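Here, each number is a calculation from the coordinates, and none is a lab measurement. Note that this is a predicted model, so its numbers are computed, not measured. Because the Cβ atoms are built from the backbone with ideal geometry, glycine has one as well, and the counts that use them run over all protein chains shown.
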Amino acid sequence: MSSAVQKRANAFASLDEAKLGWFHMRAVLVSGVGFFADAYDIFVIGLVLPMIYRYYPHMDALVKAATSWGNLVGQLGFGYLGDKLGRKKMYGVELIIMIVCTIGQCFSANAIRGFGVLTILGIWRFFLGVGIGGDYPMSAVITSEFANVRYRGMMLSAVFAMQGVGILCGGLVTLAALAAFQDQISRDYTYLDYVWRIALGCGVLPAIGAIYFRLTIPETPRYTVDVIGDAEKAESDVEKVLAMNNVRNITSNWKAPEENSAPERRVHVKKNDAGNFSDYFGQWKNFKILLGTAYCWFALDIAWYGLSLNQSVVLGLINYGGKGDPNQYEVFRHKAIGNVIIACLGTVPGYWVTVATIERIGRKPIQIVGFAVITVCLAVLAARWDTISLQETNFLIVFTIAQFFFNFGPNTTTFVYPGEVFPTRWRSTGHGISAAAGKVGAILGVQAVGPYFTTNAKIVLWTFAVIMATGVPATYFLLPETKGKTLEELSGEDEVIIEEDTYKV
């Protein structure tokens, strides 16, 4: 009986204690390229919609929120299927959806009779959102389950940090497209039609580059043994992974409770079903963690998406780049430059400071401090709105600090936490539920709160500040520190069911 469990223990010990190597880097790069494309596609819309509205009617909240509605569906659907069918079978499918829909949205046009261009664009972006949403649980879980203990948080946050690069590149590509049509736009603003289509379409390039590697990544050994129940296959897969890293297998110090208690049997873990899910999360100690990951992501995304997708609107409110410039090229150029400056000084550094410090500081302190600093920044902007909105430099300083602590804070850690705290058989589902809760917050931030930016920015900022403040106690009371612990320690999976008997590994 002990042999199968010994193989499981050896396989997991090999993964947990392996040195950082090529396979780890490949997993981070393959997952990270997807997140680069995700962020590019999500946030470039905030730059191009003002261009579209020069000659098409406004449908601002609907088009911006369409991707988040799709995210919600994709996160729940792919989260469930990642546990039901396996990580390998689903990984890459979401990227194919993204590629098709990114290309499709570039050709959105008015029908002679029927939907207008913005409705068509919104439909494409909904399905694009399904693919992007599926990327969240799949990339997080695959990275987490292949990672070693020492660098797991760093690897997960590095994957997510590619969002910052995607946001920055969205601004740079928009600037380049504007520059290419500068003379034409100055004479005829309808040439903006080329700019927004090019800016949206360039998001397909990184996704195409990553598709082969996603479709060929192996199944994670943790899923193979704990859900499928094949310890021998898992051990074989680990050996292949370690061979890519040029390291040897590590033997676990696990010992069987009784040397000759029974003949060898296959490791057996109950299959996914609603009863098991209800039993596991029906216990408060497990449900409170799901509640913590879901609520913190929900609260975060209300403000994160409410601000990030309306960044061009915010820059317009403070008259960044001048007021009433009749040259359409200069108007949109200034907005793109403002977005790039904020990304360079706040957004991108915040992500990578998290990557550099998460294994030293820990997830919990980063998330708590992040929520607290964001609360203070938004409260300052709200309280001083009447004066600071007229002080371009002062506003940008405070706003950029907030953007830094969004990413050196809960925007990154809310992604990392769900990839670590749930058991293998529910890890993808748990991450999908948590991420979907975030997208409910994003929809509220964009559709319910965001539209009031132009009429009552002070109230919007106060609303965001209060919601951010609730993330501090939610993190403190509901979430554990995961630094330095194995996935099995965090989820209680060291108890392995072998047919009718349970042993401590």
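Projected onto its three principal axes, the C-alpha set of the range 86-229 covers 64, 35, 20 Å, listed from the longest axis down. Per the Debye formula on identical point scatterers at the alpha carbon atoms of the range 182-229, with no solvent, log10 I(q)/I(0) at q = 0.27, 0.30, 0.31 Å⁻¹ is -0.93, -1.00, -1.02.
Secondary-structure-derived ellipticity at 222 nm for the chain, considering helices only, amounts to -23500 deg cm²/dmol, per-run term -39500 (n - 2.57) for DSSP H runs with n ≥ 4. A cut-off under 13 angstrom between Cβ atoms defines the neighbours of G74, and their net charge, with Lys, Arg +1 and Asp, Glu -1, is -2. Helix 424-443 versus the longest principal axis of the chain: what angle, 0 to 90°, nearest 10, using Cα atoms? Helix 424-443 and the main axis of the chain meet at about 20 degrees.
Taking 25 Å as the cut-off for C-alpha to C-alpha distance, list the pairs among K84/K233; K84/K288; K7/K240; K19/K89 that go past it.
Values: K84/K233 18 Å; K84/K288 23 Å; K7/K240 15 Å; K19/K89 27 Å.
Correct reply: K19/K89.
Restricting the range 320-379 to trypsin sites (Lys or Arg not before Pro) that sit in a DSSP loop and have at most 11 other Cβ atoms within 10 Å of their own Cβ leaves K323. Calculated on C-alpha atoms, the gyration radius of the range 1-90 divided by its Kirkwood radius gives an Rg/Rh of 1.21. Relative protection proxy for 22-32, 67-77, from highest mean packing down: 67-77, 22-32 (other beta-carbon atoms within 10 angstrom).
Taking loop as defined by DSSP and a crowding limit of 11 other beta carbons within 10 Å, which trypsin sites (Lys or Arg not before Pro) in the range 121-154 fit? Nothing satisfies the criteria. Note on the range 299-397: percent of Cα-Cα distances in each 5 Å bin, starting at 0 and stopping at the bin with the largest distance, equals 2, 11, 17, 23, 19, 12, 8, 4, 2, 1, 0. Sorted largest first, the principal axis extents computed over the alpha-carbon atoms of the range 81-132 equal 44, 17, 13 Å. The residues neighbouring Q311, those whose beta-carbon lies less than 12 Å from its own, together hold a net charge of +2 under the Lys/Arg +1, Asp/Glu -1 convention. For the range 47-166, the alpha-carbon coordinates run over 56, 29, 20 Å along the three principal axes, in decreasing order. If one computes P(r) from the Cα atoms of the range 127-200, what percent of pairs lie at distances over 20 Å? Tail of P(r) above 20 Å: 53 percent of Cα pairs.
Restricting the calculation to Cα atoms, every distinct pair contributes to the Kirkwood radius of the chain, found to be 23.5 Å.
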